[in-house]
Structures are given as C-alpha cells and as structure tokens.
1. Hey, can you tell me all the residues within the stretch 73-98 that are more than 14 Å from the chain's Cα centre (by Cα) and surrounded by fewer than 16 Cβ atoms within 10 Å (Cβ to Cβ)?
2. Would it be correct to say that E6 is of a type in the set (D, E), within 11 Å of the chain's Cα centre (by Cα) and either surrounded by 13 or more Cβ atoms within 10 Å (Cβ to Cβ) or outside any strand (DSSP E or B) (or both)?
3. Could you check how many residues of the stretch 9-57 are open to solvent by 50 Å² or more (accessible area, probe 1.4 Å), within 14 Å of the chain's Cα centre (by Cα), more than 12 Å from F67 (Cα to Cα) and polar (S, T, N, Q)?
4. Tell me which residues, restricted to the stretch 82-109, are at pLDDT 95 or above and assigned to a loop (DSSP other than H, G, I, E, B).
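The values are calculated or read from the model by the stated rules, or taken from the named source; none is laboratory data. Here the structure is a predicted model, which is why all the values come from computation and not from measurement. Every residue, glycine among them, receives a Cβ derived from its backbone with ideal geometry; neighbour counts consider all protein chains shown. The protein model used for the area step is the full one, side chains on, heavy atoms only, and it has no ligands, DNA or RNA in it. Shrake-Rupley method; radii C 1.70, N 1.55, O 1.52, S 1.80 Å.
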Amino acid sequence: QVQLVESGGGLVQPGGSLRLSCAASGSIFRGNVMGWYRQAPGKERELVATISTSGITTYADSVKGRFTISRDSAKNTVSLQMNSLNPEDTAVYYCNYKRGAFGYWGQGTQVTVSS
C-alpha cells in the first residue's frame, strides 16, 4: 500500500502561481512514476504532468511552459510548480503513484483561479 498526502492548493488570481506538494509513504519501490492529475467540475480526470524515478517528464499540452514537475526520490515527494495560472486551471488536483499494475491516489487538493 502507498499513501499520498497533497498540500499547497488554494485560491489565486489569474496570472498568479501556486506550488503543490505530495508526500508518499508506505511500500515505495524504484521504477515508479509519480504525477499530478486534475478534475474540473463536470469533466473527466485528466493528466497534468508525470515524472519517473529517472527524471523523465511528461506534460499535458495545456500546461507546457507554465507548470514544472519535480521530485525528490530520497524523500518520496513530488511537487508541481504552477505559474501563469488561468481560470481554466481551476480543478481538484490529485497526486498519483504508479508502478506496474498498481496505482494509488491522494485525496486531492482544490486549486481555484479567480479574480
């Protein structure tokens, strides 16, 4: 089992920045991929960004150039730096841990971009 705890969500004005963090605990093994997904009201959950233990990253086209994902494998944490936020980024953001056929989700943290 893997437990994920997110932090850092909140309310921010358009053009602002937020940093999300996720701490993983439990049965953590090398070769995993951690990442962030988001779900806006009335929409399906979508990928935002992922990062492997070797540092390979992927980003949704909608966040490229604005969001940066990073991880500290020694501490089992993953972060998402979000810049130039716009109202379309409003969603619940979920941390994800995946290794092989196993995947785990955090409880989610709300990000609201509004003036």
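1. Of all residues in the stretch 73-98, those more than 14 Å from the chain's Cα centre (by Cα) come to 73-75, 84-88.
Listed by number, the residues that qualify are A74, K75, S84, N86, P87, E88.
2. Details: of a type in the set (D, E): yes; within 11 Å of the chain's Cα centre (by Cα): yes; either surrounded by 13 or more Cβ atoms within 10 Å (Cβ to Cβ) or outside any strand (DSSP E or B) (or both): yes.
Yes: the conditions hold for E6.
3. So the count comes out to 1.
4. Selection gives N83, S84, L85, N86, T90, G106, Q107, G108.
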